[in-house]
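> One structure, as structure tokens, below. Some questions next.
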Amino acid sequence: MNAFEIIGGKKLKGEIHPQGAKNEALQIIAAVLLTDQKITVSNIPDIKDVNKLIELLGDMGVHIERLSKDTYTFQAKNIDLKFFSSDTFKAKGGGLRGSIMIVGPLLGRFGTAAIPKPGGDKIGRRRLDTHFLGFEKLGAKFVYDNKKEFFNVDATNLRGAYILLDEASVTGTANIVMAAVLAKGKTTIYNAACEPYLQQLCKMLNRMGAKITGLGSNLLTIEGVEKLGGTEHRMLPDMIEIGSFIGLAAMTESEITIKNVCYSELGVIPEVFRKLGIKFELKGDDIYIPSQKHYVIESFIDGSMLTIADSPWPGFTPDLLSIVLVVATQAKGNVLIHQKMFESRLFFVDKLIDMGAQIILCDPHRATVNGIDKQYKLRGISMTSPDIRAGVSLLIAALSAEGKSTIFNIEQIERGYQDIDIRLRALGAQIKRVEAYAPSH
């Protein structure tokens, strides 16, 4: 397997361009199935999860042209519905969590779909109930085949309905929206997710002829239409990458400019990094981070210890909590990191403790970080990446550490970050890809 070998402790310098948003890409690419007209999508990240979904669409009969590294056209004119009962689909769909996103568009346009139980990150239980309960409310009937781990869905008579989601799931909301735009009558989705990714999807669907109102709120109203047409869409830059690069700059005392960040779509992310004491300024639509020797964690107004917790948008995204945790290890001060939404995303802290970080893991959801104010550097070690976000957090830790670190299982990192080693080398990082076997323990 591939691994990254990193010599840490180097200050980096330069400009870095964030890739297109991975979480938006999986929704937008699935949405091309809603029409037989051509759709052009740009700023698509060149990463495994996205490329696998594009390949899956090709297998289904979507005509795909790659115009440049980040721009494709899709035309879902002739879809092979028999493909969904094939072994190829079971194998490919089962290994990709994003494959769940094709169900909504297929139900809306064709009235039928099937999906193997999806894979993806091992970060606790990630239920799909929200998706299916929403489809059921619209009139779909589904059967789960326990032996084959396969969902079969029949939706020949989709009708608009009032849907109160049991959780504000981004993918669940997106999937239900895609089914509802072609259902008969009016659908109301309450407790809808309202992330920028979802707003982007709704804006694109409206350009295609859908009638969705309430964008940016947790109450979406959808008037069903007969059919949708083609459009062009450009994806937002990936806010998780932007946050990761802010953290990287602080940890390595680097002077970095993050280009074209769509600052107005970043929500509370910049503010959370400011609470950790990281200084940066907005220059046009670029974030400029000066080299900082120290950064001091704020406390609450009454003097109590700062808590940073994740919550549904417009709260702080769970995908950046592991980055915040790593950055806090080198800050001055203490912070409690509370990971509410997933139950095993903090288990990577044992690697940071091995590197010399002072962290108390209180329980599966909470960790207290005692910032060492760069009094000594973390030390390089060998470690394995458990999931995408923890992997990048460990990568940032390794870049700031003294000596050599080896990170195994980098396939997890590369599911979410495009050419990460190449882009970091351009900033002066000593990182190379090597062939290595992870230790068996």
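The values are calculated or read from the model by the stated rules, or taken from the named source; none is laboratory data. Model, not experiment: these values are computed from the prediction. As a convention, Cβ positions derive from the backbone with ideal geometry for all residues, glycine included, and neighbour counts pool all protein chains shown. Ligands, DNA and RNA are excluded from the accessible area calculation, which covers all protein heavy atoms including side chains. Shrake-Rupley method; radii C 1.70, N 1.55, O 1.52, S 1.80 Å.
> Ordered by packing density, taken as the mean number of other Cβ atoms within 10 Å over each peptide's residues, highest first, how do 217-229, 34-46 rank?
The most tightly packed comes first, giving 34-46, 217-229.
> Can you order the peptides 81-87, 242-248, 9-15 by their average number of other Cβ atoms within 10 Å per residue, highest first?
Put in order of decreasing packing, that is 242-248, 9-15, 81-87.
> With the Cα gyration tensor of segment 301-367 giving a ≥ b ≥ c as the square roots of its eigenvalues, does the rule (a/c under 1.5 for rounded; else a/b larger than b/c for prolate; else oblate) give rounded, prolate or oblate?
Note, shape of segment 301-367 comes out oblate.
> Once you sort the root eigenvalues of the Cα gyration tensor of segment 51-95 as a ≥ b ≥ c, which label holds: rounded (a/c under 1.5), prolate (a/b larger than b/c) or oblate (the other case)?
oblate
> Using mean Cβ contacts within 10 Å as the protection proxy, how do 137-149, 418-430 order, highest first?
Highest mean packing first, the order is 418-430, 137-149.
> Another one. With r as the distance between the Cβ atoms of ASP166 and HIS63 and R0 = 51 Å, compute the FRET efficiency 1/(1 + (r/R0)^6) and round to 0.05.
Step by step, r from the Cβ atoms, then E = 0.85.
> May I ask you to give the percent of accessible area on segment 1-116 that is carbon plus sulfur, with a probe radius of 1.4 Å?
Percent of accessible area from carbon and sulfur atoms in segment 1-116: 48.
> Taking the Cβ of ALA331 as the centre, find all other residues whose Cβ is under 13 Å away and add up their charges (Lys, Arg: +1; Asp, Glu: -1).
Residues close to ALA331 contribute a combined charge of +3.
> Enter the accessible area of GLU5 (Å², nearest 10), with the probe set to 1.4 Å and all protein chains included.
50 Å²
> TYR437 to LYS275: extension gain in nm, 0.36 nm per residue of separation minus the Cα-Cα distance?
Taking 0.36 nm per residue and subtracting the Cα distance, the gain is 54.4 nm.
> Given a 1.4 angstrom probe, I'd like the percentage of the accessible area of segment 128-185 that is carbon and sulfur, rounded to a whole number.
Carbon and sulfur atoms account for 52 percent of the accessible area of segment 128-185.
> Taking the simple approach of a point 7 Å from Cα along Cα-to-Cβ for both TYR288 and ARG379, what is their distance in nm?
A separation of 3.9 nm, rounded to one decimal place.
> Hey, another quick one. Run the reach check for LYS22 against lysines, Cα to Cα strictly under 24 Å, same-chain hits fewer than 8 apart removed. What comes back?
Reachable lysines: LYS38, LYS48, LYS52, LYS69, LYS90, LYS92, LYS117, LYS122, LYS203, LYS259, LYS340, LYS432.
> What shape does segment 372-441 have by the C-alpha gyration tensor, where a ≥ b ≥ c are the square roots of the eigenvalues, rounded means a/c under 1.5, and otherwise prolate means a/b greater than b/c and oblate the rest?
Cα axes put segment 372-441 in the oblate bin.
> For segment 298-440, report the accessible area per residue in Å² (1.4 Å probe, heavy atoms, rounded to an integer).
40 Å²
> Here's a follow-up. Just the number, please: carbon plus sulfur as a percent of the accessible area of segment 293-396, 1.4 Å probe, no ligands or DNA/RNA counted.
Carbon and sulfur: 56 percent of the exposed surface of segment 293-396.
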